[in-house]
Structures are given as structure tokens and as C-alpha cells.
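Reviewing the structure listed below.
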Amino acid sequence: MTAKILDGKKIAAEIRASVKGETLLLKERGIVPGLAVVLVGDNPASKVYVGQKEKGCLEAGFASFLHRLPGGTSQKDLLDLIGKLNADPLVHGILVQLPLPDQIDEEKVIAAIKPEKDVDGFSPVNMGRLVAGMSAIEPCTPKGIMRLLEASRIELAGKEAVVIGRSNIVGKPVALMLLARSATVTVCHSRTRDLAEHTKRADILVAAVGRPRFVTADMVKDGVVVIDVGINRLEEGLVGDVDFEGVSEKASWITPVPGGVGPMTIAMLLENTLEQAKLSGEGRS
Ligand code: NDP
């Protein structure tokens, strides 16, 4: 079997075009979706991600407010900035690029973002709502993964879904979303005994590990749908957490890296911001 490609680049482009169209309509009502991105320090990967997010905003017709703060910024100064952005009616979404420098408590900063401006979906309120099955601003990467599966009409109810990774950013929320769609979900992590025993059962396998080509062909069954979240920067270029060459021989569907989950993450960030801008226009600010 040679896998069909879950084409994140194409699906994300369609979503971005739709966001752009809706933004035009919103602008006719005097509302310009605004995203504030806060970058503290000069982590090279963070700079790349922030650049991509800014470009996405501008292409969609959003207002982009980039705040670059020096690496030595105090927690108080960062919290003051969040307070100002929370109060700014032109800002519908606030994204603080992670990781933050050691002197800053990430949890405190994320919790300080007003839940309705938390377009990354990481705040305790949005995470809690997701756990409870209530409407929430959903985190962008897991939301993008679910969209990829939906766009390709991949059935989830009753399927065995195995997620490798339990981070708050990817593993945990994607497991909850798969569960909400009635998959039977197993979450694996670094302490899992005999990982391959779990992955070989998977109808849907999500790899969010952060180790290049970690999932190999001998760890999956024929026909598996593989979502590779990993972004590993090697000298040869970007590589996922899945050995694409080997695994695509057995999988029915697979995401490439780059061009799979990555573009979907940005598209979901734009969609989340647009959604909050629309809600603010309906009287909820
Ligand atoms: P984290 O480092 O926070 O989490 C990695 C997870 O993998 C942890 O739960 C860890 O287990 C688990 N793990 C590590 N080693 C093993 C192992 N040998 N066997 C089983 N599980 C293991 O990473 P993130 O979730 O933030 O990101 C994962 C990957 O996805 C990274 O490559 C990141 O760059 C990428 N990413 C891509 C995005 C995109 O837009 N495409 C967005 C966000 C992330 P434990 O909890 O026990 O330590």
C-alpha cells in the first residue's frame, strides 16, 4: 500500500481564503480582526513561527500587532503588557509565543490572557471547557489535525486512536478531541512500556514526540492513518517524528513534513482570531 497524502498545505490554503473572504465582510461592518503576538527574547525557532503568523495575518487582511520584548523582560512587565492587550478593543486575539525565558512563569502569563482573547486555547478556562466538552477556543495544532481528518472524510467513531505525546499543546488536547468524536483513545508517553504494542493497534496514529523519524514501519499496521506533528530541524532540513518513506508504504493516509500539520496550525490561529472578532461585533467584547 502506498499512502494518500493528507495535504495540509492545500486544505490550509482553502481555509485561509475563506478567512480572507469573511474578513472583507467584517471590515464592511467596521471590524478589523486584530491579533497581538508577543515574542520575548530571540529564540530562532520562535522567530520563524512568529514571522509565519504575522505573514498569515497580513495576507488575511488582519491587523497584526507584534510586540518584541528583550530576553531579560520581567514577569511584571510582560503581565502589564497582557493587561493592556486584554483591554484593547482592536485586539481580538493574543498569542504569547512559547517558550518564555526562565525568569517568567509561563502558566501565570497564559492564565492572565482573557479567555475570549486566548486564540491559542491554552488558558485554564479554555482547556477546562475542552475537557468538559463545552464550546471552547480550541488549541490550533490539535484543531488543525481534526480538520485534516474531517476534510479527508476519515471516519473516527469506534476507531482505535493512539497518540504519542501528552503535552498540553498537542498530545493531551488532540486525545480529548478524538475522544469527543468517539474514537477509543490511548495516550502514550516516555514511560509507556512497549510502545509498539500500542502503535500497532492504531487505526489513527498521532505522533507528537519531537524525535526525528521516531515511528518506523515495523511499529504500524497496514492501512493506518498517520498524523505526523513533529518538526525536527536537522542539517538535511525539516523532518517529522515519522519515518515517512517506510511508514507511507503501509499507511492508507499520511501527513508530510513540511506541508502537513504545520500549515493547518496557522490557518486555525487565523480562524480562531476571526471567530473572536465576529463575536466582539455581536456585542460581546
Ligand atoms: P513536548 O516535548 O512537550 O512533548 C513530547 C511528548 O513526547 C512528551 O509527552 C514525551 O513524554 C513524549 N515522548 C518523548 N520521548 C518519548 C519516547 N521515547 N516514547 C514515547 N513518548 C515519548 O513536545 P510538543 O508536544 O510540544 O511537540 C511535539 C512535536 O511536535 C515537536 O517536534 C514540536 O516541534 C512539534 N510541534 C509541531 C507543531 C506544528 O504546528 N506542526 C506545533 C507544536 C509542536 P513525557 O511526557 O513522558 O516526557
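The values are calculated or read from the model by the stated rules, or taken from the named source; none is laboratory data. Being a predicted model, the structure only gives us computed values, none of them experimental. Using ideal geometry, Cβ is built from the backbone for each residue, glycine included, and neighbour counts are taken over all protein chains shown.
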**OP:** Quickly run through the range 127-169 and pick out the residues that are buried (at least 24 other Cβ atoms within 10 Å of the Cβ) and either over 24 Å from residue 226 (Cα atoms) or modelled with pLDDT under 95 (or both).
**Re:** 137
**OP:** Filter the range 203-216 down to residues that are under 16 Å from residue 250 (Cβ atoms) and not hydrophobic (A, V, I, L, M, F, W, C) and give me whichever is farthest from the ligand (Cβ to nearest atom).
**Re:** 203
**OP:** Kindly indicate the residue of the range 177-202 that is away from the ligand (no atom under 14 Å from the Cβ) and part of a helix (DSSP H, G or I) and also nearest to residue 122 (Cα to Cα) among those meeting that condition.
**Re:** 177
**OP:** Find the residue count for the range 65-92, including only residues that are of a type in the set (Ser, Thr, Tyr) and under 28 Å from residue 279 (Cβ atoms).
**Re:** 0
**OP:** Report, by residue number, each residue of the range 1-25 that is among the hydrophobic types (A, V, I, L, M, F, W, C), part of a helix (DSSP H, G or I) and buried (at least 18 other Cβ atoms within 10 Å of the Cβ).
**Re:** 11, 12, 15, 19
**OP:** Name the residue, out of 76, 47, 55, that is loosely packed, with under 12 Cβ neighbours inside 10 Å, more than 16 Å from residue 119 (Cα to Cα) and free of Cβ contacts under 8 Å to residues at least 40 places away in the same chain.
**Re:** 76
Subject >> Hits in the range 140-168 - residues which are over 19 Å from residue 199 (Cα atoms), in contact (Cβ under 8 Å) with a residue 60 or more places away in the chain and not in a helix (DSSP H, G or I) >> reply: 152
Original post:
What number goes with the only condition from (1) touching a residue at least 24 places away in the same chain (Cβ under 8 Å); (2) more than 24 Å from residue 134 (Cβ to Cβ) that residue 181 does not pass?
Top reply: (2)
**OP:** Could you grab the pairs with beta carbons closer than 7 Å, sequence gap of 6+ or different chains, first residue in the range 237-248 and within 18 Å of residue 262 (Cβ to Cβ), second one acidic (Asp, Glu) and within 14 Å of the ligand (Cβ to nearest atom)?
**Re:** 240/228; 241/228; 242/228
